[in-house]
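A short worksheet on the structure shown next.
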Amino acid sequence: MKEITVKTPAKINLSLDVTGKRQDGYHNLEMIMQSISLYDLVTVEKRGSGLSIQCDFPHTPNDSRNIAWKAAAAFLAEYPEKGGVRIVLEKSIPVSAGLAGGSTNAAGVLKAMNRLYGEPFSEVKLVDIARRIGADVPFCLRGGTALARGIGDELIPLPDFAGVRVVVVKPPFPVSTRWVYKNLNLDELGERPNTLNLIAAIEEMDILSLARGMRNVLESVTAKAHGEISRIIGEFSELGALGSRMSGSGSAVFGLFDDDRLAGKAFERFRSRYRDVFYTETIGREVE
């Protein structure tokens, strides 16, 4: 086998809390992360040596600035023999949106390369490599539903919360995660999530309680700077969503639905105004 293509799903945050600031300048997080059926395609071709990447998506670099490139380089640095790859990214997930579009590509590269090179690394080793690339990459490597702590790389798997309808709206502006955390005021986080209650709702597949309990404290920065995010959240409520929140540091906003008709109506309403609107659903681990 010289080439493999994998689907790399986006993620949303069913909750996001910041519990403090670390000595290294990062923040300690507690959040529930969830994979959804919005995918990029990552094709990795085995080469004898060298590293190249191709992606025609706007604002996506085709060099060492791309996190997928960094993932390949990190894999090859650990691989005991000489090797190389050519990577092709076919993207649908918006960038700078809080949907882990880059991190999921990096995870896909690690998975694909491990298979192409005869699985030299265990999942534990791949997660160790992923942790060095980016905070969301370990989750994207495993997917499904998980409680994430630390900087987001300490994962506790949760029961699958699959099959829930999700509509995602990405407003026409990017958000820098670094900017959000730089401007975060730990004394002004607003209402914080009750993580234990949310986990209980997931265990019971109680979509309504989960949706009503969702919180994202980073909205205290991003939504404050971009009123459009709060307006989209409000409109989701008017359109029958059980709950709506910003994902990650933004700018994407999602709504959860238990009614196909209402979800479809919301999708059409938002699609009439925004380019990046997606009708998806939550998925379990290892969907490719």
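Worth a mention:
- Scanning the stretch 84-101 for residues that are part of a loop (DSSP other than H, G, I, E, B) and surrounded by fewer than 21 Cβ atoms within 10 Å (Cβ to Cβ) turns up Lys91, Ser92, Val95, Ser96.
- Some residue of the stretch 40-58 being assigned to a helix (DSSP H, G or I), over 15 Å from Val137 (Cα atoms), among the small types (Gly, Ala, Ser) and without any contact (Cβ under 8 Å) to a residue 60 or more places away in the chain: no
- Test: residue in the stretch 115-130 that is in contact (Cβ under 8 Å) with a residue 60 or more places away in the chain, in the same structural domain as Gly48 (by TED's automatic domain parsing) and either touching a Leu at 6+ places or on another chain (Cβ under 7 Å) or not in a helix (DSSP H, G or I) (or both): yes
- Candidates Gly213, Gly243 - the one that is of a type in the set (Gly, Ala, Ser), in contact (Cβ under 8 Å) with a residue 40 or more places away in the chain and surrounded by 15 or more Cβ atoms within 10 Å (Cβ to Cβ): Gly213
- Looking only at the stretch 115-146, residues that are buried (at least 20 other Cβ atoms within 10 Å of the Cβ) and farther than 20 Å from Trp69 by Cα come to 4 in all.
- Test result for Thr104, more than 30 Å from Asn194 (Cβ to Cβ), hydroxyl-bearing (Ser, Thr, Tyr) and crowded, with 19+ Cβ neighbours inside 10 Å: no
- Taking the conditions (1) of a type in the set (D, E, K, R); (2) at pLDDT below 95; (3) surrounded by 15 or more Cβ atoms within 10 Å (Cβ to Cβ) in turn, Glu188 satisfies each one other than (3).
- Qualifying residue in the stretch 65-83 (condition: surrounded by fewer than 17 Cβ atoms within 10 Å (Cβ to Cβ) and assigned to a strand (DSSP E or B)): no
- When the stretch 216-240 is filtered for residues that are buried (at least 24 other Cβ atoms within 10 Å of the Cβ), under 19 Å from Glu30 (Cα atoms) and either free of Cβ contacts under 8 Å to residues at least 12 places away in the same chain or of a type in the set (A, V, I, L, M) (or both), only Leu218 remains.
- In the stretch 252-288, the qualifying residues are those that are within 22 Å of the chain's Cα centre (by Cα) and of a type in the set (S, T, N, Q), and the one that is farthest from Gly240 (Cα to Cα) is Thr282.
- Pairs are defined by a Cβ separation below 8 Å, a sequence spacing of at least 6 or placement on different chains, a first member in the stretch 77-89 that is over 18 Å from Glu3 (Cβ atoms), and a second member that is of a type outside the set (Gly, Ala, Ser) and modelled with pLDDT of 95 or more; the pairs so defined are Glu78/Phe121; Glu78/Lys125; Glu78/Ile129; Pro80/Pro120.
- Filter pass, Leu147 being touching a helix residue (DSSP H, G or I) at 6+ places or on another chain (Cβ under 6 Å) and of a type outside the set (S, T, N, Q): no
- Only listed residue being surrounded by fewer than 17 Cβ atoms within 10 Å (Cβ to Cβ) and touching a residue at least 60 places away in the same chain (Cβ under 8 Å), chosen from Lys21, Lys11: Lys21
The values are calculated or read from the model by the stated rules, or taken from the named source; none is laboratory data. Model, not experiment: these values are computed from the prediction. Methodologically, a virtual Cβ is constructed for each residue, glycine included, from the backbone with ideal geometry; neighbour enumeration extends over all protein chains shown.
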